[in-house]
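Participant: The structure follows.
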Amino acid sequence: MAVSASTTLEEIETGKGPDDGRRPGAPTWRGMLRRPSVVLSVGFLVLVTVMALFAPLITMVSGWGPYQFDESAIEPAAGGLPHGPLGGISAEHWFGVEPQNGRDLFARIVYGARVSMLIGLSATLMTSLLGVSLGMLAGFFGGVVDQVISRVMDFLMAFPALIFMIAVLSAIPQGNRPLLLVLVLSLFSWPATARVIRGQTLSLANREFVEAARASGATRPAIVFREILPNLSGTVIVMATLSVPTFIATEAGLSFLGVGVTPPTASWGQMISTAVPWYAVDPMFFAIPGTFLFLTVFSFTVLGDNLQRFWASGGRS
């Protein structure tokens, strides 16, 4: 039986056509949203996203900005420790204050969410664009194109990425630090995405629906964008979802080491680094940003893992 050029990979594997009245994956999406882990993960990520988008409005409600000092909230005689229990948590300072300077911890957490989400999502977007584009070029055209792109991937993947990130960021002038982080993270991360996409493109390029498209006279760009790219969407979405927590954690690690986001810009990793000397006398200063960082990374990981299972099952519950 001939396969039309518009037939998708799922239709070939399952024998279902576009007119069978079934909406692929709908039962599984509903099943995913009934899982407590997915609901909690999505809920927390929505909270962090709202914090990032509306940080100025939220801090206006709380009454303190991320760069304001409240000397009345700390005790100079005690080495700058916050007044009151749990790091100075009160109706005025919802998460307490930083020791010695009295900056509001809630405001710093909210603005830190903006930095983490901006860098994580931007690096994921750039990595996905580079990885998918170059991976598809290598897999579809093969020959010299494949050889050149594959050697570049091998070259970049041979580097100890974290060490080179630290070295590069240490040598580059401060400038726009979040932008520099996005560029450096994307530079060392796109080959992993490109390698997966290249392998899947090589497989898809020999499938029946691609051969049918060629036989019908479709141009190469039409085959790439209408036949191959739609069948890679599941892989791209899963890899992107799993990349975001990696980039957020890497940014936090680089900021912890002093080569990421620089003061006074709020960053969860930078806050954890500052809190290390105080963990014994003011554990909340360490625990609050650490908890937000952990839950954000964990929520993205849980969501990505469930999406991976969804596409691995072919969209069936």
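Participant: If we keep just the residues of region 33-66 that are more than 26 Å from V297 (Cα to Cα) and not small (G, A, S), which is surrounded by the fewest Cβ atoms within 10 Å (Cβ to Cβ)? So that I can check it myself, show each step before the final result.
Facilitator: Of all residues in region 33-66, those more than 26 Å from V297 (Cα to Cα) come to 60-61, 63-64.
Restricting the remaining residues to those that are not small (G, A, S) gives 60-61, 64.
Numbers: M60: 12, V61: 7, W64: 22.
Across region 33-66, the extreme among qualifying residues is V61.
Participant: Looking at region 170-220, which of its residues are crowded, with 18+ Cβ neighbours inside 10 Å, modelled with pLDDT under 85 and among the aliphatic types (A, V, I, L, M)?
Facilitator: Listed by number, the residues that qualify are A205, V210, A213.
Participant: Mind checking which pairs have a first residue in region 199-227 that is closer than 26 Å to M153 by Cα and touching a residue at least 12 places away in the same chain (Cβ under 8 Å) and a second that is in a helix (DSSP H, G or I) and of a type in the set (S, T, Y), Cβ under 7 Å, 6 or more apart or different chains?
Facilitator: Final answer for the pair search is Q200/T235.
Participant: May I ask you to list the residues in region 236-264 that are surrounded by 18 or more Cβ atoms within 10 Å (Cβ to Cβ) and over 25 Å from P160 (Cα atoms)?
Facilitator: none
Participant: Hey, among the residues in region 77-127 that are β-branched (V, I, T) and touching a Gly at 6+ places or on another chain (Cβ under 6 Å), which one's surrounded by the most Cβ atoms within 10 Å (Cβ to Cβ)?
Facilitator: Applying the first criterion (β-branched (V, I, T)) to region 77-127 yields 89, 97, 109-110, 115, 119, 124, 127.
Checking which are touching a Gly at 6+ places or on another chain (Cβ under 6 Å) leaves us with 89, 97.
Numbers: I89: 18, V97: 34.
Here the residue is V97.
Participant: Next up: Considering only residues that are outside any helix (DSSP H, G or I) and touching a residue at least 40 places away in the same chain (Cβ under 8 Å), which ones fall in region 171-190?
Facilitator: So the first thing to find is which residues in region 171-190 are outside any helix (DSSP H, G or I), and the list is 172-176.
Within region 171-190, just Q174 meets the criteria.
Participant: List the helices (runs of 4 or more DSSP H) inside region 206-317, counting only whole elements, that have at least 2 residues being more than 27 Å from A107 (Cα to Cα).
Facilitator: Numbers: elements: 208-215, 229-256, 268-275, 283-312.
It comes to 208-215, 229-256, 283-312.
Participant: Quick one: how many residues across region 216-252 are over 14 Å from L204 (Cβ atoms) and touching a Leu at 6+ places or on another chain (Cβ under 7 Å)?
Facilitator: Within region 216-252, residues that are over 14 Å from L204 (Cβ atoms) and touching a Leu at 6+ places or on another chain (Cβ under 7 Å) number 8.
To keep it simple, each residue is scored yes or no on (1) over 22 Å from V184 (Cα atoms); (2) out of contact with any helix residue (DSSP H, G or I) (no Cβ under 6 Å at 6 or more places or on another chain); (3) among the basic types (K, R); (4) modelled with pLDDT of 90 or more.
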| site | (1), (2), (3), (4) |
| --- | --- |
| A240 | no, no, no, yes |
| T246 | no, yes, no, yes |
| A252 | no, no, no, yes |
| G260 | no, no, no, no |
| P263 | no, yes, no, no |
| Y279 | yes, no, no, no |
| T291 | yes, yes, no, yes |
| F294 | yes, yes, no, yes |
| S299 | yes, no, no, yes |
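The values are calculated or read from the model by the stated rules, or taken from the named source; none is laboratory data. No experiment lies behind these values; they were computed from the predicted model shown. Here Cβ is always computed from backbone atoms with ideal geometry, including for glycine, and neighbour counts include all displayed protein chains.
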